[in-house]
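Coordinate-derived values only; no laboratory data. Just so it is clear, the structure is predicted and the values come from calculations on it, not from any experiment. Don't worry about glycine lacking a Cβ; one is built from the backbone with ideal geometry, like all the others, and counts go over all protein chains shown.
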Amino acid sequence: MPTGMLLRSLLVSTISSNRFLLIPTLSFLSFLSKPGRSFLLNVDRNPILHAILRKGFYDQFCAGESERETKACVQRFKDLGFRGFILTYAKETLFDHYAKAMEKKNQDGVAQGVAAVEVKDAFDQDVENWKKGTLATGSMVGEGDILAIKLTGAGIGVSTALAAREELPKRMKDALNEILESCANRNVRVIIDAESQYFQKGIDDVAIEMMSKFNRNGTAVIYNTYQAYLKNTTNNILGHMERASKEGFTLGLKLVRGAYILSETRSLIHDTKEDTDNAYNAISQSALRQELGEFGSKAAGARPFPSLNLLLATHNRASVIAAQRLHFQRTVDGLPTVPVAYAQLHGMSDEVSFSLLQEKKPEDDGPEVYKCSTWGTLGECLAYLLRRAVENRDAVLRTKDEHRAVKAECWRRFKGVFTA
Ligand SMILES: Cc1cc2nc3c(=O)[nH]c(=O)nc-3n(C[C@H](O)[C@H](O)[C@H](O)COP(=O)(O)OP(=O)(O)OC[C@H]3O[C@@H](n4cnc5c(N)ncnc54)[C@H](O)[C@@H]3O)c2cc1C
């Protein structure tokens, strides 16, 4: 890791691992992210505030404010040994407040949905903006990279349809097809992010339809995201494997633990962190063994394991190292397994990403490791930066471990200067 990057990691991990520094930082970021700030507190207009936040935080977690900066960042990571980059557009998260308000309305028993006229007026422009931003994001990554999309980012009309599990409006279907076709033609894969359960069944329907259309040549162009913290995820995956088997497409399985624990109905989620960890490892390792439920089992009447590509998106060191070692051993032993790749967020758990890269053996190409980042102006990325800070606050143990590892590396390099 270059020294500049290491020093920024030291600054961020020092703040993240110390609640007396992190809490005021969180409050400050939250304050700045509110719309309508004056010139002095506007991060895109005040050059001094912009420079401080840019160097201290933005560059740690985000790819760039322009196409040129983003492409340069993608290249920097590839030069460090990463197989590719997963890119998202920060503006997609700007609808988060709306998605949350929709869920809340539903929980409070207030009439669902929004007046038809209101939906129609806002809808066309929302989808157009989403399509434009997503196509621009897709054009910043190249062959072998991945575009990540968030369907509720397409706004009010689309979110309403997803929540009701209705067919997507035609304008959105056309936009989605145009984006996916343009990516598939350039060998750029696409991930559909998982969101709260309020929208997720609708998102699954869209993902299955798109995987069935695009994942046709024994490989996944489109990945759906599955959240291991949900008690019904294994069943959901088995249902999607059934569809993949019947319809002859490759299931793109991106596995995460799940990011909506604070807002989701708690009873849907495993009772303890340990249960979520066990579920995550059981799903990933069963897929790597090609044995999940009745698929690939040795029992009489078992069904053949369908074509499946796995993407393990996690910062959990134990999960990724165990998966990679199992995959390597099965490949060496000539046993059946599935293609697997790994992803961590830009600026988070670099130690996990680099440990994975070090799993490379002389006789193979090494694990496929991706960094996932977002691009957009500093103002557009503030909500994303705030979310990363909250995630660090909630992952106390991990951030303390990371801080220790970054400090040790800084100290090693510092001593190296004097002993060289
Ligand atoms: C590249 C990438 C893409 C991602 N995309 C998505 C996405 O599309 N949708 C999405 O929802 N998330 C997504 N995430 C976030 C992910 O779901 C996790 O919130 C985050 O990565 C932390 O989990 P972990 O596996 O990295 O690490 P860990 O620190 O080992 O696990 C933390 C996670 O464990 C679970 N957990 C914590 N406490 C409990 C408890 N008491 N009971 C039950 N479970 C508990 C929660 O899911 C929590 O986030 C993504 C993450 C990455 C790295």
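For the reader, a short list of remarks on this structure follows.
- For segment 229-286, radius of gyration divided by Kirkwood radius, i.e. Rg to Rh on alpha-carbons: 1.02
- Extending 7 Å from the Cα toward the beta-carbon at both A51 and K246 defines two label points whose distance is 6.2 nm.
- Relative to the 2.2 N^0.38 Å rule of thumb, the chain has a C-alpha radius of gyration ratio of 0.99.
- FRET efficiency for R387 and D333, using Cβ-Cβ distance with R0 set to 45 Å, rounded to 0.05: 0.65
- For segment 297-372 versus segment 190-205, the spacing of their alpha-carbon centroids is 24 Å.
- A Förster radius of 56 Å combined with the Cβ-Cβ distance from E167 to E274 puts the calculated FRET efficiency at roughly 0.90.
- Cross-link table K170/K371; K78/K254; K34/K55, entries beyond 31 Å C-alpha to C-alpha: K170/K371
- K213 versus D365: modelled label distance in nm, points set 7 Å from Cα along the beta carbon direction: 2.8
- Segment 114-251 shape via C-alpha gyration tensor axes, a/c threshold 1.5: oblate
- Area projected by the alpha carbon convex hull of segment 13-53, averaged over all directions, nm²: 3.1
- Ellipsoid fit via the Cα gyration tensor, segment 285-420: semi-axes of 35, 22, 13 Å, each the root of five times an eigenvalue, largest first.
- Length added when fully stretched, A136-N235, from 0.36 nm per residue minus Cα-Cα: 32.0 nm
- Long-range amide H partners of E368 with built H, under 5 Å: Y342
- Computed from the C-beta positions of V417 and R317, the FRET efficiency with R₀ = 22 Å rounds to 0.15.
- Highest mean first, the peptides 22-34, 278-290 sorted by other C-beta atoms within 10 Å per residue fall in the order 278-290, 22-34.
- For a straight C-alpha distance cut-off of 21 angstrom, the lysines reachable from K415 (same-chain residues fewer than eight places away being disregarded) are K407.
- Building the convex hull from the alpha-carbon atoms of segment 273-361 and averaging its projection over directions returns 6.6 nm².
- Per principal axis, descending, Cα span of segment 1-81 in whole Å: 40, 32, 17
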